[in-house]
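See structure below.
Coordinate-derived values only; no laboratory data. Since we're looking at a predicted model, the values are computed, not measured. Every residue, glycine among them, receives a Cβ derived from its backbone with ideal geometry; neighbour counts consider all protein chains shown.
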Amino acid sequence: MRGNPTRRALAVFTTSRHLCAGLRVKSSDMGKTSTTPRAGDGRPLKSGAPVAPGPQYTTVHQADLVRVAAMVAIFFHHLWAGLPLPLAADTLGKCLNAVFSQMSLGVVFFNFLSGFLLALPHLGAASRPLPRYSEFLRKRFLRIVPPYYIAVFLITVGNIAIYRLDIRGSAISLLKLLLFAHSWDWSVFNTDYAALWYLGPLAQFYLCFPLILRLFYRLGARNAVISAVVASYGACWLMDLYLAAVPGSILSGPGRMLLFNLPGRLPEFAMGMWFAAVWRPDFESTRQTARESGFSKFFSAALLFAAAVTVAIRIVPFPIPHMAQVAWCFLLFVPVLVLPGAARWADWRIVKSFSAASYSFYLLHQPLLTWLRFPMPAGFGRMGQLAVRAAVMIPVVFLCAMVLDRAAGAAGSRIAKVWDLFAAGRRERASRTRNTGRS
């Protein structure tokens, strides 16, 4: 090939055609849109030629598989922790407890996925401009707030009725939940609201997403995610050192909760955003994607770091063990979105159904597991109880999640109409004001 210019030009053309085909990514709720090719670090490629409108893009089916797997892991984590039998002290019991304890890391996969899907229309090939901040928040919060508010209200009422809780204390807890401030309160982890801490950093990420996206535009995706990792985990490490030196500090409360809020979870969202900039939907050659310089270097660094910390996890300081957990999760997250087989599994009807209900399933699963603790025969061991309770509770929680989705959908539609009428009124008043000023 080196001595044949025609063959070399043809190879370059073929490679460019495949690479450009791999740059087409769906804009989630938009029809045809222009595509701006981007480099591996997420920056737009400099070209003076106009870009033709792109086709209707395909959806990221693998996201459904990640969503369902993460939700199932979190469900079994809470189910295992709530079993009445004591933990076995033998080797098998310790291994099982370690496995089910690590299933709480499903939240990390949710964070990866949120960053990936939210950034994909903007950092990917579709290159959609970010809408107005108010419009962006409208879409995001209409997605999470109606089912969340309905769920926390019903959970609060249920807890008062079942456990005879103090109404004043329950009202204060409810207010924290409604304001998404509960993720800064450690006491929430002693209640059946514990799983809802995740909504705190998610809401914070939505509020800050336009600023984070501008950071990605300015620095490039690779440099932006490295900056997020250094700033976030560096702040957690410095806070831990400070609290160890000044144990009675006024910052001890919020300082211990950094890892349960955006300051400690930003790298997980940012890593998802980075992957949105390098992801390719055309999997004719998976190795072509793996050869992308930014992809391969970042993936290899995550693998080496995770392996090194796992070996020395007993001697490394905080927050390095948590960083290793995040790295291992990322090493599992990437293949699901890269391997072609994952897209076929994600097309299964059961995966689609559970993915659609996963958010409401997450909101309801822990209180329902707490409320519906039915008695079990004495002969059942811990694994037997786990299997029986899972077989009963998964359909129950799923049906409740579908009901919640339907109620939240109706409420969200009404809220959206009111919001749109209010926005239209504001625009009309502003228009009349401008016309009056001109006249």
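Each part gets one Cα centre, and for segment 75-101 versus segment 115-145 those centres are 39 Å apart. Below 11 angstrom from the Cβ of residue 113, what's the summed charge of the other residues (Lys, Arg +1; Asp, Glu -1)? Neighbour charge sum, excluding residue 113 itself: -1. Modelling each spin label as a point 7 Å along the Cα-to-Cβ direction, I'd like the residue 211/residue 396 distance in nm, to one decimal. The answer from the label model is 4.3 nm.
Scattering from segment 164-256 was approximated by placing one identical point on each alpha carbon and applying the Debye formula without solvent; log10 I(q)/I(0) at 0.13, 0.15, 0.16, 0.26 1/Å stands at -0.65, -0.81, -0.88, -1.21. Here r is the Cβ-Cβ distance between residue 164 and residue 190 and R0 is 30 Å; the resulting FRET efficiency, rounded to 0.05, is 0.95. The Cα-based radius of gyration and maximum Cα-Cα distance (Dmax) for segment 322-385 are 17.5, 46 Å.
In 5 Å bins starting at 0, how do the alpha-carbon pair distances of segment 102-181 split up by percent? It works out to 3, 11, 14, 16, 16, 14, 11, 7, 4, 2, 1, in whole percents. Between the residues 384, 368, 343, the greatest Cα displacement towards the positive end of the dipole of segment 250-399, with unit charges on the Cβ of Lys, Arg, Asp and Glu, is found for 384.
Take each peptide in 130-143, 261-274, 317-330, count the other Cβ atoms within 10 Å of every residue, and average; sorted highest first, the result is 261-274, 317-330, 130-143. Structure note, pairs 94/176; 139/297; 176/417: Cα-Cα distances above 32 angstrom occur for 94/176; 139/297. Rounded to 0.05, the FRET efficiency of the residue 305 and residue 101 pair, given R0 = 22 Å and the Cβ-Cβ distance, is 0.50. Restricting the calculation to Cα atoms, segment 343-417 shows an Rg/Rh of 1.11 when the hydrodynamic-style radius is the Kirkwood one.
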